[in-house]
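Undergrad: Sharing a structure with you now.
Taken together, the values in this text are just the output of simple stated rules run on the coordinates, not laboratory data. Note that this is a predicted model, so its numbers are computed, not measured. Virtual Cβ from ideal backbone geometry, glycine too; neighbours counted across all protein chains shown.
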Ligand code: C2O
């Protein structure tokens, strides 16, 4: 690039000018058809029926230019109720397209269609889409890429030679609809059987000695690649490394960050990270490895899997490594360089990775609001409710159901047949059954005491939890500060907290208990990272601020599927402002209506859990 001759540079400038003109002239409608159907896939010697979009896993990538409109026709040919959520897309004044079953819309029933229509404005970078139907999202997801309106030359970093989505996922050799029903019924014995890079399990997995296919990224020496990394897994935060190479992180959650060079990326479910990789190593083959982390003992240990793909230099530039050599080395695998990965119980590497992110000072950067209107302190952890009545034996008892909580309340969908957003918009009945999300937990305790992790007398006193449809209303334009505090109650997990419809300024994070008296001083109010998913560290806290300026009914939840299924979520209702352009638009004409199947649990409509099944499980457990 440095040695580019003048005529070439001029030509490039002209091309840029022309393409910029073309792009600017046409704010396009990007149209896709997503056919949701089931198909058989075979991995690890086992054929499994999976639900996918357009028979692809991961599903199709949606690529747009900032300013475009999107129309995705969803054709549901699967037996499950489906919605698609456009994770991180702000959906300004258009909460109707947010795709959360029974919160923003009735699900798309089997053999029904619905077209999601929305504009993508004021955002650039990598986002993704996924079904918001419990575990089904493990196979119903894909990348959502927003390019700058003025073309790739306006990236605030060197223009990459190629851009590549890297979708980290999990392979479940199980019926995921059943996994969802099990989680809803408090059965947590289902686990994934592998992790994947762009849908491939890689050579650490095999069927009768024959290695699974792995993802291969072909590179040319000296070129720059932009990896758009997405964690679409249900259960784990991952570390990503490429042997012999470094990453320069340039964006996270579709917001530019100050370029940050590291050899490891930490990415939790729901997060996205854009990173440049320069192919500057000696030509050869290098493993690209993703490894999940989990909290150490005494936390419950779950089976988790490392997977690997490969970065492979094109042979044309390295005569000594002809194609034949590459092929044979691929078979034996011995010439491929492997990275040294963090330990599976290393959670501090994630803490530092996230702490090192700051916003790039950039055109689009909005300043952090300094006046705070509303303050919430939210504890995250587990708890229990009695299967029958109000009082029961706690601890390791089968008289209780384990739940996940925010401020000691576990969310349940309202027993309504209309989605909350419609009830809110039309002021219909049912909004009366909502409860306010408490501003703080009912009592203070040493939140991060590791003695709370195993069942025991200390933890038992803190276990009792209530269940409610918790919402929090915000006046349009209110600045909200939330401090999320991970607790040690029955687990020491981190919590990737995701807010729909808004980005959050991540002001600070820390380990242990949040202490306003000393921690407010640590707030970065100059250039904090801006995220839609904030990772609240294991036995630690994170402080965020956001402006509630997008009217609607927005989900706020942990992006670990088991926490979500157990109720770690709440709904934020943002009121309309006083002008037309601060007011929620009316619903689309062809908005889905809810089917009436009286055999379904009202609040589990989206899961299609049968009443008979619930009583069967309840009986077998007690
Ligand atoms: Cu990817 Cu409600 O989230």
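Undergrad: Can you give me the pair-distance distribution of region 198-260, C-alpha pairs, 5 Å bins, whole percents?
TA: P(r) over region 198-260, rounded to whole percents: 3, 11, 17, 23, 20, 14, 6, 3, 1, 0.
Undergrad: Let me ask you something else. Using a Förster distance of 60 angstrom, determine the FRET efficiency expected from the C-beta separation of residue 178 and residue 355, and round it to 0.05.
TA: So the FRET efficiency works out to roughly 0.95.
Undergrad: Please list 525-538, 197-210, 92-105 highest first by mean number of surrounding beta-carbon atoms within 10 Å per residue.
TA: 92-105, 525-538, 197-210
Undergrad: Ok, one more. Is region 483-568 best put as rounded, prolate or oblate by its Cα gyration tensor, with a ≥ b ≥ c the root eigenvalues, rounded for a/c under 1.5, and otherwise prolate when a/b is larger than b/c, oblate when not?
TA: Numbers: a/c = 2.23, a/b = 1.02, b/c = 2.18.
Here region 483-568 falls in the oblate category.
Undergrad: Can you sort 590, 346 by how many other beta carbons sit within 10 Å, fewest first?
TA: Working: 590 10, 346 17.
Ordered from fewest to most neighbouring Cβ atoms within 10 Å, 590, 346 come out as 590, 346.
Undergrad: Given a Förster radius of 22 Å and the C-beta distance between residue 161 and residue 258 as r, what FRET efficiency does 1/(1 + (r/R0)^6) yield to the nearest 0.05?
TA: Numbers: r = 23 Å, r/R0 = 1.03.
E between residue 161 and residue 258, to the nearest 0.05, is 0.45.
Undergrad: Let me ask another. Per-residue counts of other Cβ atoms within 10 Å, averaged by peptide: what ranking do you get for 510-517, 57-64, 268-275, highest first? Intermediate values should be presented prior to the final figure.
TA: Values: 510-517: 14.1, 57-64: 20.4, 268-275: 26.8.
Taking the mean over residues of other Cβ atoms within 10 Å, the ranking is 268-275, 57-64, 510-517.
Undergrad: Among 563, 345, what is the fewest-to-most ranking by other Cβ atoms within 10 Å? Please report the intermediate quantities before stating the final value.
TA: Working: 563 26, 345 13.
Ranked by crowding around the Cβ, least crowded first: 345, 563.
Undergrad: To the nearest 10 degrees, how steeply does helix 6-25 sit against the main Cα axis of the chain, on a 0 to 90 scale?
TA: The helix 6-25 is inclined about 30 degrees to the chain.
Undergrad: Taking R0 as 25 Å, what FRET efficiency do you get between residue 460 and residue 511 from their Cβ-Cβ distance, rounded to the nearest 0.05? The partial results should precede the final answer.
TA: Details: r = 25 Å, r/R0 = 1.02.
FRET efficiency, residue 460 to residue 511: 0.50.
Undergrad: Can you put 291, 246, 522 in order of Cβ neighbours within 10 angstrom, beginning with the fewest?
TA: Numbers: 291 23, 246 16, 522 11.
The most exposed by this proxy come first: 522, 246, 291.
Undergrad: Shifting gears a bit: Given the DSSP H assignment, sum -39500 (n - 2.57) over each helix run of at least 4 residues in the chain and divide by its residue total; what's the result at 222 nm in deg cm²/dmol, nearest 500?
TA: My calculation for the chain gives -3500 deg cm²/dmol from helical runs alone.
Undergrad: When N counts the residues of the chain, how does its alpha-carbon radius of gyration compare numerically with 2.2 N^0.38 Å, as a ratio?
TA: Working: Rg = 24.2 Å, N = 622, 2.2 N^0.38 = 25.4 Å.
So the chain has a normalised radius of gyration of 0.95.
Undergrad: Moving on. Could you work out the mean projected area of the convex hull around the alpha carbons of region 62-152, in square nanometres to one decimal?
TA: Seen from a random direction, the Cα hull of region 62-152 projects 5.7 nm² on average.
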